[in-house]
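Here's the structure we're looking at; comments come further down.
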Amino acid sequence: MNQPSKPFNIDKREVYEAYLQVRSNGGAAGVDGVTIEQFESDLKSNLYEIWNRMSSGAYFPPPVRAVSIPKKSGGQRILGCPLWQTAWHRRLSNN
């Protein structure tokens, strides 16, 4: 159930479902170094914090972590690894 005082109507269940989608993709920690295992150690509180920030309009995505991966043709390619929260935000924004 959403709080009526929040400017953005985001259901807490949607946050949980987005978490499940992001978790199923695996991936590495973002620039904050937090792994999914660390995030899950206080899952309820962390999911609430994400919901609260997003539904109140206070969520701003942090910088991404740059990771170099080798290209088949030689050289390196830089990928940006976002935080878990950023991936959720993208999932929820697409709903």
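No lab work stands behind these numbers, since they all come straight from the coordinates. Everything quoted here is computed from the prediction, not taken from an experiment. FYI the Cβ positions are ideal-geometry reconstructions off the backbone, even for glycines, and counts take in every protein chain you see.
In this rough spin-label picture, where each label sits 7 Å from Cα along the Cβ direction, the GLU17-GLU40 distance is 2.1 nm. Going Cα to Cα from LYS12, which aspartates and glutamates come in below 13 Å? Please leave out same-chain ones fewer than 8 positions away. Candidates past the 8-residue exclusion: GLU49. Taking a straight Cα-Cα cut-off under 28 Å and skipping sequence neighbours fewer than 8 places away in the same chain, the lysines within cross-link reach of LYS6 are LYS44. Expressed as a whole percent, the proportion of Cα-Cα pairs in segment 35-81 lying more than 16 Å apart is 62%.
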